[in-house]
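J.: One structure follows; several queries about it will come next.
The values are calculated or read from the model by the stated rules, or taken from the named source; none is laboratory data. A quick note: this is a predicted structure, and the numbers were derived from the prediction, not measured. So basically every Cβ, Gly included, is an ideal-geometry build from the backbone, and we count neighbours across all protein chains shown.
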Amino acid sequence: MPEMDGYEATRAIRRHEELRAKNRTTLASFSGASPHSRTRIPIVALTANAMQGDKEKCLQAGMDDYLAKPIRPESLHAILNKWLTATEPEAPTSFHSSTPPLATPFPFDPNMVAQWQALGGPDLFARMVNQFVQDAIACVETLESACASKNPEKLRDAAHGLKGICRNMGANGLAELASTVERECQNHIPANMPQTISSIRTAITHMASNEKRSGR
């Protein structure tokens, strides 16, 4: 966050909740209504750090739980079950397409796809793919800009971000390519980097098209 990190944002939310609870108690004393209602918002830390003490730091800031990247569906499922009211999932809608998927060297990990679909059905996975494409393309645009301006540091940061996004979605082949870009741009930008970035953009587009064609 540009002006406030997750710790400060959590503290601000908790302060607001305390103030709101006090106001509710005051109003209830006049109206006779019950001042008790659920006012605490569950906050789960999502961080790339997995060092000792990170979880304790999050809890001390007022967060309720902690989840380290890369996100695994089973871990997310457990967290959601713990902090949110359980609801019956809708029955998945069957859909079959006669259009064959495009050939791509970077498919989603089928085990990861199955786990996400088991968690929330095809609709959830479709929404996640759409968000993945938006986030990944944003990283690619930063890669292109950094490459054009010959800024290896900015390029490394964008590649690192893309790597995390891909791993969270089970796009493991693309994550490895992003990791290679990050590694090769430590001190300079290789001459073939524009072609590599173009290949990444094409792969992302093909992955999204495959999911739409497969109807998963």
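J.: Any residue in the range 96-118 that is of a type in the set (D, E, K, R) sitting within a Cβ distance under 6 Å of a residue that is modelled with pLDDT of 55 or more and part of a loop (DSSP other than H, G, I, E, B)? List the pairs, counting only those 6 or more apart or interchain.
T.: That search, which allows pairs on different chains as well, returns Asp109/Gly170.
J.: Only residues that are surrounded by fewer than 17 Cβ atoms within 10 Å (Cβ to Cβ) and of a type in the set (Asp, Glu): list them for the range 139-148, please.
T.: Residue satisfying the conditions is Glu141 alone.
J.: Can you name the residue in the range 18-57 that is under 20 Å from Asn81 (Cα atoms) and touching a strand residue (DSSP E or B) at 6+ places or on another chain (Cβ under 9 Å) and, of all such residues, is modelled with the lowest pLDDT?
T.: Taking the range 18-57 first, the residues under 20 Å from Asn81 (Cα atoms) are 38-47, 55.
Cutting the leftovers down to touching a strand residue (DSSP E or B) at 6+ places or on another chain (Cβ under 9 Å) gives us 42-47, 55.
Numbers: Pro42: 85, Ile43: 87, Val44: 86, Ala45: 85, Leu46: 79, Thr47: 76, Lys55: 79.
Here the residue is Thr47.
J.: How do the pairs read when you match residues in the range 159-176 that are over 11 Å from Ile204 (Cβ atoms) with residues anywhere that are at pLDDT 90 or above and among the acidic types (Asp, Glu), using Cβ under 7 Å and keeping only pairs 6 or more apart or on different chains?
T.: Once the first residue is over 11 Å from Ile204 (Cβ atoms) and sits in the range 159-176, its partners that are at pLDDT 90 or above and among the acidic types (Asp, Glu) give Ala159/Glu182; His160/Glu182; Lys163/Glu182.
J.: Regarding the range 124-140, can at least one residue be identified that is within 15 Å of Ile204 (Cα to Cα), free of Cβ contacts under 8 Å to residues at least 40 places away in the same chain and either outside any helix (DSSP H, G or I) or touching a Leu at 6+ places or on another chain (Cβ under 8 Å) (or both)?
T.: yes
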